[in-house]
Amino acid sequence: MPERRTVALVTLGCARNEVDSEELAGRLEADGWHLVENAEDADVAVVNTCGFVDAAKKDSVDALLEANDLKGHGRTQAVVAVGCMAERYGKELAEALPEADGVLGFDDYADISDRLQTILSGGIHAAHTPRDRRKLLPISPAERQGAGADVALPGHAPADLPEGIAPASGPRAPLRRRLGGSPVASVKLASGCDRRCSFCAIPSFRGSFISRRPSDVLNETRWLAEQGVKEIMLVSENNTSYGKDLGDIRLLESLLPELAEVDGIERVRVSYLQPAEMRPGLIDVLTSTPKVAPYFDLSFQHSAPNVLRAMRRFGDTDRFLELLDTIRSKAPQAGVRSNFIVGFPGESEADLAELERFLNGARLDAIGVFGYSDEEGTEAATYDGKLDEDVVAERLAHVSRLAEELVSQRAEERVGETVHVLVESVDPEEGAVGRGVHQAPETDGQVLLTSGEGLTVGRMVEAKVVGTEGVDLVAEPLPGSSAGTEEAGR
């Protein structure tokens, strides 16, 4: 009997890419591939790239080159690029990076097994010529669902797959294979984006916005709960638009309570929210539904009106602060995070001061700050008024220092609070580490528990915050506490 083909998936970028990698893993395993954790143990190393900003693209190229270095020194015979960078650049990336034995776009995902076998056998699969994926779906959201059946949408594999294709756990299982044992997993709510922010290229290679059916989201969540997942995080480019192409812009408000009732799920978290699209009803559901985290990942990007208009966005400092006041009036301990761009073309000293005014008043739990750089194919890349690189770097350093100070202050405000912590790692000597309701994976800091005695990964516990280490909280587990109840998400 021939030795099984082996493949390793190396994932870079955001949680959406992690979902896509697990779909690719499901497809490959269903076709007989053996999944291994390390690239050096695989016949083929598949690198799921990020194509968002220059730093992420550099990381993707470095990962491809690192995997290529394994060839000739172990089992690895081929390195293949997939993901956003591969989709965005296609043939151009293949020509610029001959170390990659294949560059596969989203349209190749359904045939990923055949593509890898061809490359592994020494054949060539020609890289695609990139196209604007916004043009693949109708302009009208209401017309997209039927048309979407013929468009590759990574992470949208239906739950009612034919026998022999879905994983063995049952007909409701998605075409997905978990690539780790974390008690938290992301679930795709939608793909693409209809917003036209002048600095962002994502819609051009991820396409227009299209929602997944609520039944598929629910079935995937049930399957994840069977795999031991305790927290799900709903991801997309813009979760506040969910349902608009299904005829109900308030669909998220009705879906969240259903997800929270899935057996085994202790916390439901929503990411990627647009401030301009926040609805009173959505705020109410996020702040009052048991097991739904009162967590707001709000994409502010800036607060000076002139800069926001140039970004093709809406709002201002006072409106954003009013939104935060509304949220905290309903859930005083709610978590809020956001990202900001400094040094945008035309940004004045007064604009920067306005952003600082917002940051000082917002009391955010986590802040990401990025210096502006041109992204090819975006409107902002054509703007006049570009700031010198050293000015952008100076503003980035200044606002980053302010952000670090502010999130540390916000953490200190939580001393004395009782937090519900999902345990993610336990060390007999070091204690346990987890996350509170206000902390999303990877981006928002952690809770350092003073004792790991009796705790296991995936358990939800109550703890009292007794100190801080920067953005991280130090908390003492309460005697006999276990928050595996309806209140675990509050």
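Overview of values
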item: Candidate set: the range 390-405, residues that are surrounded by 15 or more Cβ atoms within 10 Å (Cβ to Cβ) and under 28 Å from the mean Cα position of the chain (by Cα); chosen: the one farthest from Arg363 (Cα to Cα); result: Val392
item: Residue in the range 363-386 that is assigned to a strand (DSSP E or B), out of contact with any helix residue (DSSP H, G or I) (no Cβ under 6 Å at 6 or more places or on another chain) and among the aromatic types (Phe, Trp, Tyr) present; result: yes
item: Residue that is surrounded by the fewest Cβ atoms within 10 Å (Cβ to Cβ), among those in the range 30-44 that are at pLDDT below 90 and outside any loop (DSSP other than H, G, I, E, B); result: Glu40
item: Selected residue [touching a strand residue (DSSP E or B) at 6+ places or on another chain (Cβ under 6 Å), open to solvent by 20 Å² or more (accessible area, probe 1.4 Å) and farther than 30 Å from Arg131 by Cβ] from Glu266, Glu258, Glu231, Glu226; result: Glu266
item: Count - residues of the range 45-59 that are assigned to a helix (DSSP H, G or I) and open to solvent by less than 40 Å² (accessible area, probe 1.4 Å); result: 2
item: Neighbours by Cβ (under 7 Å, 6+ apart or cross-chain): first from the range 89-100, in a loop (DSSP other than H, G, I, E, B); second of a type in the set (Val, Ile, Thr) and open to solvent by 30 Å² or more (accessible area, probe 1.4 Å); result: Gly90/Thr129; Leu97/Val61
item: Every residue from the range 338-350 that is in contact (Cβ under 8 Å) with a residue 40 or more places away in the chain, surrounded by fewer than 21 Cβ atoms within 10 Å (Cβ to Cβ) and not in a strand (DSSP E or B); result: Pro345, Gly346, Ser348, Ala350
item: When residues of the range 315-337 are limited to those that are among the small types (Gly, Ala, Ser) and either touching a residue at least 60 places away in the same chain (Cβ under 8 Å) or farther than 18 Å from Ser198 by Cα (or both), the one surrounded by the most Cβ atoms within 10 Å (Cβ to Cβ); result: Gly335
item: Residue match in the range 376-389 (condition: over 25 Å from Gly51 (Cα atoms) and either out of contact with any Gly (no Cβ under 9 Å at 6 or more places or on another chain) or open to solvent by less than 20 Å² (accessible area, probe 1.4 Å) (or both)); result: no
item: Residue tally, condition open to solvent by 20 Å² or more (accessible area, probe 1.4 Å) and under 15 Å from Thr326 (Cβ atoms), over the range 276-296; result: 9
item: Enumeration of residues in the range 351-375 that are touching a residue at least 40 places away in the same chain (Cβ under 8 Å) and touching a Gly at 6+ places or on another chain (Cβ under 6 Å); result: Asp365, Tyr372
item: When residues of the range 106-132 are limited to those that are closer than 21 Å to Gly377 by Cα and out of contact with any Pro (no Cβ under 8 Å at 6 or more places or on another chain), the one most open to solvent (accessible area, probe 1.4 Å); result: Arg131
item: Selection status of Asp325, acidic (Asp, Glu) and touching a helix residue (DSSP H, G or I) at 6+ places or on another chain (Cβ under 8 Å); result: no
item: Qualifying residue in the range 60-76 (condition: open to solvent by less than 30 Å² (accessible area, probe 1.4 Å) and within 20 Å of the chain's Cα centre (by Cα)); result: yes
item: Single condition Asp194 does not satisfy, out of (1) open to solvent by less than 30 Å² (accessible area, probe 1.4 Å); (2) in contact with a helix residue (DSSP H, G or I) (Cβ under 8 Å, 6 or more places away or on another chain); result: (1)
item: Those residues of the range 422-450 which are under 18 Å from Gly470 (Cβ atoms), open to solvent by less than 30 Å² (accessible area, probe 1.4 Å) and outside any loop (DSSP other than H, G, I, E, B), in sequence order; result: Gly431, Gly434, Arg435, Val447, Leu449
item: Contacts under 9 angstrom Cβ, first residue in the range 292-309 being farther than 30 Å from Glu231 by Cα, partner polar (S, T, N, Q) and at pLDDT 95 or above, 6 or more apart; result: Ser303/Thr317; Ala304/Thr317; Ala304/Ser348; Pro305/Thr317; Asn306/Ser348; Val307/Gln301; Val307/Ser348; Leu308/Gln301
item: Residue in the range 173-194 that is over 27 Å from Ser425 (Cβ atoms) and of a type in the set (Lys, Arg) present; result: no
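The values are calculated or read from the model by the stated rules, or taken from the named source; none is laboratory data. In this text, all values refer to a predicted model and were calculated from it rather than measured experimentally. Glycine also receives a Cβ, built like all others from the backbone with ideal geometry; neighbour counts cover every protein chain displayed. Calculation scope for accessible area: heavy atoms of the full protein, side chains included, ligands and nucleic acids excluded. Shrake-Rupley method; radii C 1.70, N 1.55, O 1.52, S 1.80 Å.
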